[in-house]
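The block underneath contains the structure these notes are about, expressed in C-alpha cells.
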Amino acid sequence: MTAAEGTRLEYATAPERLRPQIDASYGLFINGEFVEPASNASFVTTDPATGRKLAEVAQGDERDVDRAVQAAKAAGARWSRLKPSERAKYLFRLARRLQECSRELAVLETMDGGKPIRESRDVDLPLAAQHFFYHAGWADKLQFAFAGATPKPLGVCGQIIPWNFPLLMAAWKIAPALACGNTVVLKPAETTPLTALHLARIMQEIELPDGVVNIVTGAGNTGAAVVNHPGMKKIAFTGSTDVGRHIMHSLAARDIPLTLELGGKSPNIVFADASLDQAIEGVVSGIWFNQGHVCCAGSRLYVEECIAEEFIAALRERMARLRVGDPLDKNTDVGAINSAEQLERIEGLVSCGRDQGAVLHEINDDPLPSRGNWHRPCFFTGVEPSHTIAREEIFGPVLSVMTFRTPEEAIRRANSTPYGLAAGVWTDKGAKIFDIAARLEAGVVWCNTYNMFDASSPFGGTKASGFGREGGRHGLRAYVQLAEARS
Ligand code: NAP
Ligand code: MG
C-alpha cells in the first residue's frame, strides 16, 4: 500500500438485522395465485455472497407460459376497459405498498443477487416505487401523451428481465404496461427471481385483478417460450446483446412491437477543466458500485492526457478505500458477483487484458470472504483500442483507462464501439458539454454526473445496445397502439 492509500478509515461492521421471510419453495404466479409448474420441476436460487441455497423456484415451460398467456388475455378484456382512473388506483396502491415493504424487499434483493444493501435500499427500491407512482399518474392522462392520436392497449406483453436490478426492472416493465391497459407475463432472471415473486404477493394483497400480472420463473428455455408464444402482442427484453439478437430473429416474421435494452461499453470522458474530485466519484460509482453489474456501467474511461497521471493516482487512492464484502453490511461498496459463471467470465476477461499487455491495478490487502463469488474492483492502464477489455462488455468491476489529447479524438474513440447505451462527459465548460454530448452515439449522456435515473426520463440505447425507451412519455409509446383521433 502506498502512503496515499494509507489513510483508510476503519469502521465497525454494520450488518442489516432485518431478515425477510423466505419460503422453502415458490410456485409460478398465474391468474392471481401461486401454482405448481406443469413439469413439477424446480431450480435453486442461492445467495451469491455465501453460496447458501435460499429457495426452490418453479421451472416454468411452454405449457405454463401458455396458461399465463390465457390468464393474461382473459384479464385483459376487463383491465383494458376499466376506467383509467381505477387502473391508476391499483398502481398507486402497488407503489405505496412497495414503499411500506421496501426495507424487507431491499434485504431480499441483496440476499438473492449480491448487491450492496446500500444500493438496493437507496436506489432500487425507491426507484421501483417511483416507477409505479409515475405511471399511476399517466394512467388517466394518456390522451395527453400522444397529441392528435388515441392510445389503445396492445394486449398481452411478454417481458424478460435480467439479474442486475431484478425488482427495479420488473417495475420498469410492469408499470407502463399496466398504466396503458395491457396485461403481463413476466419472466425474471434465473439467479434473482425472489423479489418479483414477493411483488406478486403484494399484488395479491392490494387485490390487483387476477391475471393482470403473471410471473413465470424458469431457467434454460422459459425466456424463449415467452418470446415464441403466439398470444404475445409485445415483447420487451433486457439482457445480453446475443440473446437480444436471437429474439429479433425469432420475431422476424411476426408483426409485434419489440423493445430491447442490451449491453454496453459506455465511455466516461474527463477533460482537464473538470472538477476532478467530482469526476473521480462519478467514475467510481459508474463502474465499481454494484460490482459493475450495470448495463450502462462507465467501463471505458478517457482522461485528457495532461491530467492522466494525477487522475489515475487519485483513482487508485479512491479504489483503495472501497469496501468489498458482505453485501448486507451497510458500509459495503462492492458486493458479491451474481453467479459463478459471471465471475468466471470476468476473470477470463481480466486475464485476457493482462495477456494482451495492459497493466492491471488492483488493491490486494483486503481479504475476501472465503465463500461466495467475489472480484476486487480494479482498473487497467496501457489499454490499446484493439484490446478485448476495451471492446467487450465485462459486466464486472473492471475499468479500462485510456487517454486523449483533443475533443475530436475523445469523441472518435468514445464512439468506436458497437454499443451505444450511455456516456459521461466531465467538464467545467457548458458549451463543450452541449457540443460533445450531441456528437456521442449513446442513448443517454450524463454531464458532470453518472448513473442518474428518474421515472420521467427515458432510458435506452442505440446501435448494438438495442432500441426503444423505458421511462417518461417515450416509454409509454412502447405499450400503446395509436389510432388517429376523429376530428
Ligand atoms: P442473458 O444471456 O441475456 O439471459 C437473460 C434472459 O434471457 C434469461 O432470463 C434467459 O431466460 C433469457 N433468454 C435466453 N435465451 C433466450 C431466447 N432465445 N429467447 C428469449 N429469452 C431468452 O443474460 P445472462 O446470462 O443473465 O447474462 C449474460 C450477459 O448479459 C452478462 O454478462 C451481461 O453482459 C449481459 N447482461 C446485460 C444486462 C443489461 O441490463 N443489459 C443485464 C444482465 C446481463 P432462460 O434461462 O429461460 O432462457
Ligand atoms: Mg440468487
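The values are calculated or read from the model by the stated rules, or taken from the named source; none is laboratory data. All figures in this text were calculated on a predicted structure; none of them were measured in a lab. Cβ atoms come from the backbone with ideal geometry, glycine included; neighbour counts cover every protein chain shown.
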Among the listed residues Ala253, Ala274, Ala314, which satisfies the condition of being modelled with pLDDT under 95, more than 26 Å from the chain's Cα centre (by Cα) and either assigned by TED's automatic domain parsing to the domain that holds Ser400 or among the small types (Gly, Ala, Ser) (or both)?
Ala253
Out of the residues in the stretch 183-221 that are part of a helix (DSSP H, G or I) and away from ligand 2 (no atom under 16 Å from the Cβ), state the one that is nearest to Ser102 (Cα to Cα).
Ile202
Taking the stretch 47-72 as the search range and keeping residues that are within 16 Å of ligand 2 (Cβ to nearest atom) and not in a strand (DSSP E or B), which one is surrounded by the fewest Cβ atoms within 10 Å (Cβ to Cβ)?
Gly51
Please give the number of the condition Val44 fails out of (1) within 15 Å of ligand 1 (Cβ to nearest atom); (2) out of contact with any helix residue (DSSP H, G or I) (no Cβ under 8 Å at 6 or more places or on another chain); (3) farther than 30 Å from Ala14 by Cβ.
(3)
Within the stretch 80-94, identify whether any single residue is assigned to a helix (DSSP H, G or I) and within 16 Å of ligand 2 (Cβ to nearest atom), and answer yes or no.
no
Specify which of the listed residues (Val107, Val44) is without any contact (Cβ under 8 Å) to a residue 24 or more places away in the chain, within 16 Å of ligand 2 (Cβ to nearest atom) and either closer than 20 Å to Pro176 by Cβ or among the aliphatic types (A, V, I, L, M) (or both).
Val44
The listed residue being touching a strand residue (DSSP E or B) at 6+ places or on another chain (Cβ under 7 Å), within 16 Å of ligand 2 (Cβ to nearest atom) and among the aliphatic types (A, V, I, L, M), out of Ile161, Ile117:
Ile161
What number of residues in the stretch 233-282 are among the acidic types (Asp, Glu) and crowded, with 23+ Cβ neighbours inside 10 Å?
1
Among the helices (runs of 4 or more DSSP H) confined wholly to the stretch 399-487, which include 2 or more residues that are touching a Cys at 6+ places or on another chain (Cβ under 9 Å)?
430-439
Exception for Phe34 within (1) under 15 Å from Asn214 (Cα atoms); (2) out of contact with any helix residue (DSSP H, G or I) (no Cβ under 6 Å at 6 or more places or on another chain); (3) within 16 Å of ligand 2 (Cβ to nearest atom); (4) not β-branched (Val, Ile, Thr) falls at (3)
Output the residues belonging to the stretch 283-301 that are of a type in the set (Gly, Ala, Ser) and either free of Cβ contacts under 8 Å to residues at least 12 places away in the same chain or buried (at least 24 other Cβ atoms within 10 Å of the Cβ) (or both).
Gly286, Gly292, Ala297, Gly298, Ser299
Out of (1) within 24 Å of Ala410 (Cα to Cα); (2) modelled with pLDDT of 95 or more, what's the single condition that is false for Cys295?
(2)
Within the stretch 222-241, considering residues that are among the small types (Gly, Ala, Ser) and over 18 Å from the mean Cα position of the chain (by Cα), the one farthest from ligand 2 (Cβ to nearest atom)
Gly231
Which ones in the stretch 173-190 are surrounded by 24 or more Cβ atoms within 10 Å (Cβ to Cβ), farther than 11 Å from Cys157 by Cβ and not basic (Lys, Arg)?
Ala175, Ala179, Pro188, Ala189
Output for the stretch 392-414, where each listed residue is surrounded by 16 or more Cβ atoms within 10 Å (Cβ to Cβ) and of a type outside the set (A, V, I, L, M)
Glu392, Glu393, Phe395, Gly396, Pro397, Ser400, Thr403, Phe404, Pro407, Arg413
